[in-house]
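Here is the structure we will look at, set down as C-alpha cells.
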Amino acid sequence: MKLADNKATLSFSNGSPNVELPVYHGSVGPDVIDIRKLYAQTGMFTYDPGFMSTAACQSAITYIDGDKGELLYRGYPIEQLATQCDFMETCHLLLYGELPDAAGKQKFTRTVTMHTMVNEQMQFFLRGFRRDAHPMAIMTGLVGALSAFYHDSTDINNPEHREISAIRLIAKMPTLVAMAYKYNAGQPYIYPKNDLSYAGNFLHMMFATPCEEYVVNPVLERALDRIFILHADHEQNASTSTVRLCGSSGTNPFAAIAAGVACLWGPAHGGANEAALNMLHDIQRQGGVDKIGEFIKQVKDKNSGIKLMGFGHRVYKNYDPRAKLMQETCKEVLAELGLGSDPLFKLAMALEKIALEDEYFVSRKLYPNVDFYSGIVQRAIGIPVGLFTAVFAAARTVGWIAQLNEMIGDPEYKIGRPRQLYTGATRRDVTALAQR
Ligand code: CMC
C-alpha cells in the first residue's frame, strides 16, 4: 500500500485537538484511513459492527467492485478464468500469485493428485457420526481432525508446513465431502483415481460404486470445475475473515480452515445455495409460478422474516458476475441431462425476472447472487441439497489457505483483537447468596 499525499483530519465538537490520520492507496478501489494510532492519540475506538467500513488487512489476492459487478482473482476477471482456465490453474494463481505455464500446471496438478487419499483411520473417525448428521457438521469435524492425522504440517510459522498443508487441504477436501456423502447414503467409500481431473475425481468418488464402471460426463465435469472456480475466493467474506482471525492466534492451518467451514455453514453465507433451493421447492409445492406474486409480497413484508434467498449481497450492488456464469452453466447442464423444462429452473427464471423489475429489489440494489443458480446445477448433477455447502467449502478451501498464508507472511500481521463499546453494568459488589 502507498501513502497518499492527503491526510484525513478528525475534529471534535467539544474542542479536543484535531487528529491527523494517514491515508493509503491500494492498487485499485477505495483508499483507507489508517486508524491504528487513534486509541493512543484520542483514547477512543471506532465503532463498526459488521465491518461496514473497516478493512482488517491488506490483500493482493481478490478484488471486487460491487457497484460494477466485477470480480478479479490476482487481477484476472472471473469471466476469463471461468472460460479459459480450469480449477487447478485457478488454485495455482490464488496460492502463488501467477497462472502456471504448461509444465507448472502439470507439476501442480500432479502434486495435488498425489495427496487426494486420506489417512485410512479417518474412516473410523467418520463412523462416530450419526448417519443422518448434516454434512457440514461432519465436515467441520473431519477438517478439524486432519490436524490429528498430519502432524508434520501443523506449524503455521514454518513455510514448508504451510505449503504442504495447503496442498493437503485442497487435495483432500473433495475426498472428505464424498466420504461424508457415501457415509450418509450407506454406500462404500470410493477411493480417488489419479487419472481423473480434480472435478472428475470428485464426481467419481461421489457417484461410482464398486459394482459397475462409472464414466465421468465431460459436461458435468466442466460444470463442477466452474462451480469450484467461481467459489474459490471472495476476498474478506465472513468465513475468510474467520480463517484469518482464527489463524492469527498461530493455530494450525487445519484448525483455522475448520473454523472457516463452520462459518460458511450459515444460511446468510455458504448455506444460501441450500436455502435458495429449499425456497424454490417450497414455492413449487405451493403452486409454482402462479404463487410468485404472493411469495414476493411476503418477502417485502419486514414482519414475515422471509428473504428471497440467493438475492442480495453485502458487496455486490449490481448483478453478481458469478451468477451470470452460473446461469450459463445451469442451461448447459440441464440441456445435457434433458432437463430443459425443469420446473425449478423455470420457476427460478420467473422469480428472477419479477424480482429484477420490482421496486423493492431495484431500489435496494438486490440482484441474484451465485447461490441462486448453483443449487439448481448441483441438484441436476445429482448432489443432494444437504451437501451443497460442503461442495462450496471444498471450492473455497484454496481461497482460505491463500488468505491465511498471505496473512502469516505479512510483516504487519498481529493477532486479531477487535475492540468493543461496553454497555453492561458498571462496577458493583456481590451480595452474599442469602441476601440476594
Ligand atoms: N430478500 C429480501 N430483502 C432483502 C434481501 C433478500 N434476499 N437481502 C437484503 N434485503 C433487504 C434488507 O431487508 C434491507 O432492507 P431495508 O433497507 O428496508 O431494511 C436491505 O435489503 C439491505 O439489506 P441488508 O440486510 O442491510 O444487507 P446486508 O449487506 O447486511 O446483507 C445478505 C447481505 C447477503 C446477508 C442479504 O442480502 C441476505 O440475507 N440475502 C439472502 C441470503 C443469500 O443469498 N446469501 C448469499 C450471499 S452470496 C454467497 C456468499 O458470498 O456467501
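The values are calculated or read from the model by the stated rules, or taken from the named source; none is laboratory data. Values in this document were obtained by computation on a predicted structure and should not be read as measured data. Here the Cβ is made from the backbone with ideal geometry for all residues, glycine too, and neighbour counts use every protein chain on show.
Computed values, structure above
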item: Leading residue by the ranking (farthest from ILE376 (Cα to Cα)) among those in the range 311-323 that are surrounded by 19 or more Cβ atoms within 10 Å (Cβ to Cβ) and more than 6 Å from the ligand (Cβ to nearest atom); result: TYR316
item: Every pair of residues 6+ apart whose Cβ atoms lie under 6 Å, when the first sits in the range 414-433 and is in contact (Cβ under 8 Å) with a residue 12 or more places away in the chain while the second is part of a loop (DSSP other than H, G, I, E, B) and surrounded by 10 or more Cβ atoms within 10 Å (Cβ to Cβ); result: ILE415/SER248; ILE415/SER249; GLY416/SER248; ARG419/PHE45
item: Filter pass, GLY409 being in contact with a His (Cβ under 8 Å, 6 or more places away or on another chain) and away from the ligand (no atom under 15 Å from the Cβ); result: no
item: Looking only at the range 266-276, and only at residues there that are buried (at least 22 other Cβ atoms within 10 Å of the Cβ) and either in a loop (DSSP other than H, G, I, E, B) or more than 13 Å from the chain's Cα centre (by Cα) (or both), the one that is farthest from the ligand (Cβ to nearest atom); result: GLU274
item: Among (1) within 30 Å of PRO135 (Cα to Cα); (2) within 10 Å of the ligand (Cβ to nearest atom); (3) outside any helix (DSSP H, G or I) - the single one LYS365 does not satisfy; result: (1)
item: Qualifying residue in the range 410-421 (condition: over 27 Å from the mean Cα position of the chain (by Cα) and surrounded by fewer than 21 Cβ atoms within 10 Å (Cβ to Cβ)); result: yes
item: Residue count, the range 157-194 (criterion: more than 16 Å from VAL398 (Cα to Cα), in contact with a helix residue (DSSP H, G or I) (Cβ under 9 Å, 6 or more places away or on another chain) and not aromatic (Phe, Trp, Tyr)); result: 14
item: Residues of the range 123-151 classified as assigned to a helix (DSSP H, G or I) and touching a Ser or Thr at 6+ places or on another chain (Cβ under 9 Å), total; result: 6
item: ILE283 vs. criteria aliphatic (A, V, I, L, M), more than 11 Å from the ligand (Cβ to nearest atom) and within 21 Å of the chain's Cα centre (by Cα); result: no
item: Residue check, SER53 farther than 22 Å from GLY416 by Cβ and of a type in the set (Gly, Ala, Ser); result: no
item: Strands (runs of 3 or more DSSP E) contained in the range 13-84 and holding at least 2 residues within 16 Å of the ligand (Cβ to nearest atom) and touching a residue at least 60 places away in the same chain (Cβ under 8 Å); result: 62-65, 70-73
item: Residue check, ALA390 more than 15 Å from the ligand (Cβ to nearest atom), within 22 Å of the chain's Cα centre (by Cα) and in contact (Cβ under 8 Å) with a residue 24 or more places away in the chain; result: no
item: Of the criteria (1) acidic (Asp, Glu); (2) surrounded by fewer than 24 Cβ atoms within 10 Å (Cβ to Cβ); (3) within 16 Å of the ligand (Cβ to nearest atom); (4) farther than 27 Å from SER147 by Cα, which one GLU235 fails; result: (4)
item: Which numbered condition ALA434 misses (of (1) at pLDDT 90 or above; (2) in contact with a helix residue (DSSP H, G or I) (Cβ under 9 Å, 6 or more places away or on another chain); (3) surrounded by fewer than 16 Cβ atoms within 10 Å (Cβ to Cβ)); result: (2)
item: Conditions (1) away from the ligand (no atom under 14 Å from the Cβ); (2) buried (at least 16 other Cβ atoms within 10 Å of the Cβ); (3) not in a helix (DSSP H, G or I); number of the one not met by GLY338; result: (2)
item: Failed item, numbered, when ALA259 is tested on (1) without any contact (Cβ under 8 Å) to a residue 60 or more places away in the chain; (2) within 16 Å of the ligand (Cβ to nearest atom); (3) crowded, with 24+ Cβ neighbours inside 10 Å; result: (3)
item: Only one of LEU203, LEU196, LEU220 that is in contact with an Asp or Glu (Cβ under 9 Å, 6 or more places away or on another chain), under 26 Å from GLU89 (Cα atoms) and outside any helix (DSSP H, G or I); result: LEU196
item: Any hit, the range 300-310, residues being part of a helix (DSSP H, G or I), at pLDDT 90 or above and near the ligand (Cβ under 9 Å from one of its atoms); result: yes
item: Test set (1) within 16 Å of the ligand (Cβ to nearest atom); (2) of a type in the set (A, V, I, L, M, F, W, C); (3) part of a loop (DSSP other than H, G, I, E, B) - ILE227 fails condition number; result: (3)
